[in-house]
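Some notes on the structure that comes next.
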Amino acid sequence: MSRNHKWFGTTNDTGLIVAWLREAGATLIGGGPLEYDGSVDGREFAIHFPSIGPIEFWPTDISPPECADNSPRAKHMILAMIKNKQNPDRPQIDVDRSAVAGLQLPEFRDGRYWVSGQVWFPTSLLQETFPELNRVCQKFERFLGKHTTVFDNRKGEDQCGYGYQLCMGGVIQKVVALPEALALLKGGAFMVDSFTSQGNYSKFRRRLQLSGHEPLP
């Protein structure tokens, strides 16, 4: 299964994430250096750890999995088939056989609210396939663990105390806040989970309008 690590962060906070990944050996797919230009637009990047393993690609003629196969491998295969049809000239990375991860930048939505960023390691059976990449994943988790958890519903209802200020996506997850984002939350700022739907986001903004935290339209 994919190992996701979610965090609220500002522009400067995101620089800390990119610097950590770069020090761990991450590059952009294709070998370019992993840099951060200060953008906060929610873009996603595929990153590679070349010292750990290569990048492999799916063939253009992928055979569909058996109907009863619900394994992560089968799900990755179906996703690759769909993307191959949508972009036939773009090779699809076989994440189960490649030393890769994903980075999603935060977003400053509507000039008001920080939307969470995330790093994920998509390789199925990560520990068995790429033990060194699994160690990078574990070290990154420990790095995030040094920061304050502001949402965690993995063992039931979230009890972190920031629930009113967060528009969450309704999935089971843990989210930390990096230093500048945490200072904003402590000052009363509101933030949005990248997994939240447009409908939930609209309801969230309406609640803030009715409570006087945002001007009425």
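Read-outs: derived from the displayed coordinates by stated rules, not from any lab. Computed from a prediction, not measured in an experiment: that's the story for all the values here. Please note: Cβ atoms are built from the backbone with ideal geometry, for glycine as well, and neighbour counts cover all protein chains shown.
Phi angles of the range 22-35 translate, via the Karplus equation with coefficients 6.51, -1.76, 1.60 and θ = phi - 60°, into HN-Hα couplings of 4, 5, 7, x, 6, 10, 6, 4, x, x, x, x, 7, 10 Hz per residue; Gly and Pro are given as x. For the range 103-123 versus the range 76-100, the inter-centroid distance based on Cα atoms is 22 Å. Sequence-ordered 3J(HN,Hα) estimates for the range 45-50 from the Karplus curve with 6.51, -1.76 and 1.60 and θ = phi - 60° stand at 10, 8, 10, 10, 10, x Hz, glycine and proline given as x.
Straight-line reach from Lys155: which aspartates and glutamates have a Cα under 16 Å away, not including same-chain ones fewer than 8 places off? Correct list for Lys155: empty, as no aspartates and glutamates qualify. Dividing the summed helix terms, -39500 (n - 2.57) for each DSSP H run of n ≥ 4, by the number of residues in the chain produces a 222 nm estimate of -9500 deg cm²/dmol to the nearest 500. Applying 0.36 nm per residue to the separation of Thr27 and Tyr164 and subtracting their alpha-carbon distance, the gain on full extension is 45.6 nm. Estimated from the Cβ-Cβ distance and a Förster radius of 41 angstrom, the FRET efficiency linking Arg135 and Leu216 is about 0.20. From the coordinates of this entry, Cα extents along the principal axes in Å is computed, and it appears in (1) 110, 51, 41; (2) 57, 35, 32; (3) 55, 38, 35 under the label (3). Structure note, pairs Lys83/Lys203; Lys75/Lys146; Lys6/Lys139: Cα-Cα distances above 26 angstrom occur for Lys83/Lys203; Lys75/Lys146.
Shown in residue order for the range 133-138 are the 3J(HN,Hα) couplings computed by the Karplus curve 6.51 cos²θ - 1.76 cosθ + 1.60 at θ = phi - 60°: 5, 4, 5, 4, 4, 5 Hz (x for Gly and Pro).
With all projection directions averaged, the alpha carbon convex hull of the range 80-179 covers 9.1 nm².
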